[in-house]
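To keep things clear, I will list the structure first and then write my remarks on it.
The values are calculated or read from the model by the stated rules, or taken from the named source; none is laboratory data. This structure is a prediction, so every number in the text was calculated from the model and none was measured. Virtual Cβ from ideal backbone geometry, glycine too; neighbours counted across all protein chains shown.
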Amino acid sequence: MTDTEAKLKELRNKIDSLDSSIIQMIQDRAKVGSEIGEIKRSSGDPIYRPDREREVYRKVKERNPGPLPDSVMIAIYREIMSGTIALEKSVQVGFLGPLGSFSYEAVRKKFGSIVESHPFPTITDVFKEVESGKMDYGLVPVENSTEGSVGTTLDALISSDIKIYSELYMQISFHLLGYERDLSKVKRIYGIRIGNEQCRNWVHANLPNVEIIETSSTAQAAKIVSETKDGVAIASKSAGEYYGLDILHSGIEDLSGNTTRFFVIGKDVCPPSGNDKTSIVFSIPDKPGSLIEVLKNFEDFGLNLSKLESRPSRRNLWDYNFFTDFSGHSSDPKIQELLSKLKKICLHLKVLGSYPASTEKV
């Protein structure tokens, strides 16, 4: 045995020993998690707690000495917690499908790979499944940094008793998927309208003469290419993995940093985490100064608004609802006082949920 081989063997033996310790500690952690799960079940507390999730991630970052970056450590702990939750209870999560969609990627990013996820054809269907109790939680897109808000989600939040339980920001990157690596032979591109528009410059520069065929989703585009072996698809990385397509080109979107915000919705109410957002929707009398009067209250209470958007109410012509996100939790006495004042000056006001503010925008 050479000196190099001897050194490698010594280091590999050290890794084997460390692996044994790591495995045992993960299992010990899971046992403690199961005990916590028993207490939760007996008291009726929800198994999945976004505030606790946030606290675990915060401590992981604080205690991480390197060399692995925080993002890797968080990904590891996401799977550990996903497995532990599965031991406590089989958590059912509905999302806007099909499998391989960006919403599917968001479920895995938020809950890990162990959770039981179920695709549904529309956002409305996701809400209905959570309302019926068939799904514990739903995950739905609410806004995109390039395309703006998702109206269907906003409308559903108004009409449903379901609450916002958590939020997630995920960077959206489009890939060219298929089998044919010689782009000069490609005759068709399949993709969802938004994806096609966000990749317009790249397609024009690299595939100027191809036929663009619109599909119902990015995952559907990947499925068509997989089944027909015809053309290429503009879709997500997970769609390529799910349908067995090669990534021909990565990151073909025209603007980098394109990010979608998702809501986790459910019947549970998340306790304060120490850094929270509250989302509300309100409507106001059609008279001068109404909106200013509402906004002045946020200033008086020293609360930061992170979102203010109007959307037609569908009650009367030119009548609008205003969707607002602001710092704080609805259980805070100061927030309760604010909401009490707003109810007196608004025609309608509904608290959509309070939840930990996401610290990650990718």
- When the stretch 326-361 is checked residue by residue, the ones that are surrounded by 13 or more Cβ atoms within 10 Å (Cβ to Cβ), of a type in the set (Ser, Thr, Tyr) and closer than 30 Å to Ser71 by Cα are Ser327, Ser354, Tyr355, Ser358
- Query: Mind checking whether some residue in the stretch 53-68 is modelled with pLDDT under 95, out of contact with any Ser or Thr (no Cβ under 8 Å at 6 or more places or on another chain), polar (S, T, N, Q) and assigned to a loop (DSSP other than H, G, I, E, B)?
  - Reply: no
- Message: Contact list please: Cβ distance under 6 Å, first residue in the stretch 40-52 and at negative phi, second residue small (Gly, Ala, Ser) and crowded, with 18+ Cβ neighbours inside 10 Å, pairs at least six apart or on different chains.
- Response: Pro50/Ser166; Asp51/Ser273
- Message: For the condition more than 15 Å from the chain's Cα centre (by Cα) and part of a loop (DSSP other than H, G, I, E, B), what is the one hit in Ser90, Ser82?
- Response: Ser90
- Message: Can you pull out every residue in the stretch 308-348 that is among the hydrophobic types (A, V, I, L, M, F, W, C) and touching a residue at least 60 places away in the same chain (Cβ under 8 Å)?
- Response: Phe323, Leu342, Ile345, Cys346, Leu347
- Kindly indicate whether any position in the stretch 48-67 is in contact with a Pro (Cβ under 6 Å, 6 or more places away or on another chain) and among the basic types (Lys, Arg). yes
- Filter the stretch 325-362 down to residues that are within 22 Å of Gly148 (Cβ to Cβ) and among the acidic types (Asp, Glu) and give me whichever is modelled with the highest pLDDT. Asp325
- Restricting attention to the stretch 259-299, the residues that are among the basic types (Lys, Arg) and over 18 Å from Glu143 (Cβ atoms) number exactly 3
- Task: Restricting attention to the stretch 254-293, report how many residues are among the aliphatic types (A, V, I, L, M) and modelled with pLDDT of 95 or more.
- Result: 4
- Query: If you take the residues in the stretch 308-324 that are surrounded by 15 or more Cβ atoms within 10 Å (Cβ to Cβ) and either assigned to a strand (DSSP E or B) or in contact with a Leu (Cβ under 6 Å, 6 or more places away or on another chain) (or both), which one is modelled with the lowest pLDDT?
  - Reply: Tyr320
- Might you let me know whether the stretch 156-173 holds any residue that is free of Cβ contacts under 8 Å to residues at least 24 places away in the same chain and either farther than 16 Å from Ser217 by Cα or in contact with a Gly (Cβ under 7 Å, 6 or more places away or on another chain) (or both)? yes
